[in-house]
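Just so it is clear, none of the values below were taken in a lab; they were calculated from the coordinates. Since we're looking at a predicted model, the values are computed, not measured. Quick reminder, even Gly has a Cβ in these numbers, built from the backbone with ideal geometry, and neighbours come from all protein chains shown.
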Amino acid sequence: MGLSSRSPHKAGRQFPAGSKRGRGAKGSGRPPTGRKRQPRPPADRRAKSAVDEQPHLSPQALGYFRRALTALKEAPEAGEERDLMVRNILKEVEAQALALATNRTGSELLQELLGFSPLKPLCQIWAALRSSLRFVACHRCGVHVLQSALLQLPRLLARRAEEEREKGEEDGKSGALEALEKLVLGLASEVCDDFLFYCGDTHGSFVVRTLLQVLGGTLLESERARPRGSQSSEAVRAPLRECKPADFEVPQTFLNCLQDLISCFLKDLAVFITDKISSFCLQVALQILHRKLPQVCAHLCSATIGYLSTRNSSADGSPLLLFLRDQTSSRLLEQVLLVLEPPKLQSLFEDHFQGQLQTLAAHPIANFPLQRLLDAVTTPELLSPVFEELSPALEAILAQGHTGVVTALVGACRRVGAHQAQVLQLLLEAFHCAKPSSRQVACVPLFATLMAYEVYYELTEEEGVAPAEHQAEVAASRALGEVTVLGSLLLQHLLHFSAPGLVLRSLGALTGPQLLTLAQSPAGSHVVDAILTSPSVTRKQRRRVLQTLKGQYVALACSRHGSRVLDAIWNGAALGARKEIAAELGEQNQELIKDPFGHHVARNVALTTFLKRREAWEQQQSAVAKRRRALHSILED
């Protein structure tokens, strides 16, 4: 809903949440991009006629590999029998690698089998596919097999290094390791020879992106969180929220090859800036270089900004503004902003952004690069001019549905530690709860739901009439509204401010059922996490807020998100508080045991021991508390 800015005391409104941040997502402000059909390559660039005929995989062969994979999963984790089974299966795979890779079901089976593969069989399967590289890389199923093969390198390189350490073989490389290195470098060489084709192909670009990560020794979140069966059960499967870029050691030849690929980007920079598919490859390259080759990353960023700055001038300022409003190039600029060093970011702001922030914040596409600029702010010298320019338009930005800009600005204030009191006051004014002061205690429900005071409490206020005082009884009788993702992020930032007292008082004013609703919400539960983890919240303040949940522990335990919150409260609770929680849960022990979430809480609390052997339970909890204090003192030292 795009409403113009207005006086704080006119009729209220609900700010569009804009919680989905993808392009074209509902409420995001991004117009849908649509799917553009990629042009077919010329006849001389298509796959050879030898692979034009789709390799055939018989139903019998498919059934064999399916049974083999099932047997492999059921086999013991280690032992000669398992190793022999793996090698026999992969020997059969090698003979039909191309047919498996280009079959929908076969591709999925092959990806899982590669997760079990030792070094030598993987090289043999890879070599079998290499003669048809272009065909496999640009095939909708084959591309995933190549990705999965590349993603085995961290596991295989680490295992080989460990074996060499155990044997004391520090000098030289094994033949299989050399073969694998040659295969990777050979793949990189073939990609480099026809770089624009692979980067511009819908499927081939995935191979390029994965290759860049392997050569750089960094797996990004997008690859580690892939839902496909490319990792075996031996691999560590971290929850999605824990997935961060993972670094691993690679030979120097890989990093040298990575720099060769970067030179390919520089040769045709215009293509990678304007083409939607190719642009993704450049974005991945920037992320890898930022972690492993920062000087090369800075050079690539400078070349990108330099190219964009020399294009046709915008009527209202820097030529860069035109590209900030474009769907493809704005994505690339978002990544550039995130990897720039602080001095370069300061110069970029002064040369291209300063004086245009409110215009960018109002634009349906350009507000996203602006959010990345705010995410990258780490110095008071940059935050001050940014805050000065954006702060007068805070309510207008919320009204346009670009809440992400406001959340990013608040996050920058939290990170830098400046302008915190000012931005909180501006938020109170934007949500119409600054005056009268009695309304300030209602700020948490307003921020969480992204609703102005009059909208949330369904009031009708005429222009020129003094706003009504806050009615605590009415607020207590009202159920908490739906918590939005961006509203939750806003509250989390505010709770990490150096002085979160106002937000804590508002949280303390919530009734038990209202705080329960917050804790049971997928987004709201993270607000309670912030109460528990923020260094700005004292133990006394934390206890004052959480005591409202007394009488709600059973309902909390029987909720998907609430049970996780209760576990976090339990882990930080003292012995006396644990007794209170266990006593309340013990009254509904049977209900907890039958609940899919409650029985986990009952186990963590050791509820059966608490009910039947209280002294043993107290000794156990005292020992746990003593270990926690000892660990805390060690960490502090």
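Below are the figures for this structure:
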quantity: Estimated distance in nm for a label pair at Gln422 and Ala583, the labels positioned 7 Å out from Cα along Cα-to-Cβ; calculated: 5.0
quantity: FRET efficiency estimate (nearest 0.05) - Cβ-Cβ, Glu221 to Leu84, R0 35 angstrom; calculated: 0.45
quantity: Spin-label model distance (nm) - Arg627 vs Leu269, 7 Å beyond Cα toward Cβ; calculated: 5.7
quantity: Span from the the range 52-104 Cα centroid across to the the range 595-625 one, whole angstrom; calculated: 47
quantity: Label-point separation, Leu459 to Thr253 (7 Å along Cα→Cβ), nm; calculated: 7.3
quantity: Listed peptides 520-532, 80-92 by packing density, highest first (mean Cβ within 10 Å); calculated: 520-532, 80-92
quantity: Sequence ranges 57-70, 597-610, ranked by mean other-Cβ count within 10 angstrom, highest first; calculated: 597-610, 57-70
quantity: Chain lengthening between Glu429 and Thr378 when straightened (0.36 nm per residue, less Cα-Cα); calculated: 15.7 nm
quantity: Two-site FRET efficiency, Lys550 against Arg603, from Cβ-Cβ distance with R₀ of 25 Å, rounded to 0.05; calculated: 0.70
quantity: Taking Asp595, Asp268 and counting other C-beta atoms within 10 Å, the order from fewest to most; calculated: Asp268, Asp595
quantity: Cross-link pairs Lys540/Lys626; Lys91/Lys292; Lys244/Lys594; Lys244/Lys292; Lys267/Lys344; Lys579/Lys612 - those with Cα-Cα distance over 25 Å; calculated: Lys91/Lys292; Lys244/Lys594
quantity: Met451 long-range amide H proximity, modeled H, under 5 Å; calculated: Phe15
quantity: For the range 192-222 and the range 287-361, distance of Cα centres in Å; calculated: 23
quantity: For the range 532-545, 3J(HN,Hα) per residue [Karplus equation, 6.51 cos²θ - 1.76 cosθ + 1.60, θ = phi - 60°, Hz, x = Gly/Pro]; calculated: 6, 10, 5, x, 7, 8, 6, 4, 5, 5, 5, 5, 5, 6
quantity: Estimated FRET transfer efficiency when R0 is 35 angstrom, pair His56-Phe197 (beta carbons, to 0.05); calculated: 0.80
quantity: Relative contact order, percent, the range 64-136 [alpha-carbon distance under 8 Å, six or more residues apart]; calculated: 33
quantity: Gain in span if fully extended, Arg291 to Ile593, counting 0.36 nm per residue against the direct Cα distance; calculated: 104.0 nm
